[in-house]
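Shown next, in structure tokens, is the structure this report addresses.
The values are calculated or read from the model by the stated rules, or taken from the named source; none is laboratory data. Since the structure is predicted, the reported quantities are computational estimates derived from the model, not experimental observations. We place every Cβ from the backbone using ideal geometry, glycine too, and count neighbours over all the protein chains shown.
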């Protein structure tokens, strides 16, 4: 992996991690477009630069992370489903990470959902913020499991999960950001331990560089997204997903190889 590859992928990660467009899907597509080769380091890099992005949440919402132990208990409850299913399905998930076609299909399907989601949950637009229950946190955690399929956006799944429990877009989005911290930290740590042999003195600096870039870009993306989502809703993200997914499917059937090999 070159420095320019790391820069481009980190920028893509920082922009898309907290948008409902699937950061992993976009990074996989980006790797395919760049013609990168799949190996242990590129897979580790793909997951580990998400750590840089989630640090932006801690920086932007640092006061919320020092509220009470209840806050951490609820995050832990919401995190549990992804932790369990992630360990059970890890090898299968890794195999899907190499399929641009799977990403394209899920981008389209997820996009269709987002186009209509504002209408389906119109009654949550002006609901007052309230304390989240443990049961609601667990339910949102199960929505996060769906996002293990590349192309299904963890952010979209958890925000929609929050809205199904009658939370406003803003509160659901913020909880999604908070939930990303333990989820992405665990995924990054696991992938780092699993592929530690692939990280050496020659590429550790590239990994650090990628995390720094993802962190800086995500700082801007988070602040912009909350404001945009509150005012305009999900539809534009849905149309974007459908467009990208359809373009990839068309290219796939015309023999253009975007897969990582």
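With respect to residue 163, is the statement that it is more than 16 Å from residue 75 (Cβ to Cβ) and at pLDDT 80 or above true? Spelling it out, residue 163 is indeed more than 16 Å from residue 75 (Cβ to Cβ) and at pLDDT 80 or above. Every condition in (1) surrounded by fewer than 16 Cβ atoms within 10 Å (Cβ to Cβ); (2) under 19 Å from residue 47 (Cβ atoms) holds for residue 191 except the one numbered (1). Cβ-Cβ distances below 9 Å connect no pair with a first residue in the stretch 202-214 that is at positive phi and in contact (Cβ under 8 Å) with a residue 40 or more places away in the chain, a second residue that is exposed (fewer than 14 other Cβ atoms within 10 Å of the Cβ) and in a loop (DSSP other than H, G, I, E, B), and a separation of six or more residues or different chains. Among all positions in the stretch 29-39, there is no residue which is surrounded by 15 or more Cβ atoms within 10 Å (Cβ to Cβ), closer than 14 Å to residue 149 by Cα and at pLDDT below 85.
The helices (runs of 4 or more DSSP H) falling completely within the stretch 6-102 that include 1 or more residues that are under 21 Å from residue 226 (Cα atoms) and over 17 Å from the mean Cα position of the chain (by Cα) map to 40-60, 69-88. Remark: pairs (first residue in the stretch 77-105, under 20 Å from residue 31 (Cβ atoms); second residue surrounded by fewer than 18 Cβ atoms within 10 Å (Cβ to Cβ) and modelled with pLDDT of 80 or more; Cβ separation under 6 Å; 6+ apart in sequence or on different chains) = 104/249. Here is a list: 44, 78. Which entry is modelled with pLDDT of 85 or more, in contact with a helix residue (DSSP H, G or I) (Cβ under 8 Å, 6 or more places away or on another chain) and under 30 Å from residue 208 (Cα atoms)? Matching residue, one of 44, 78: 78.
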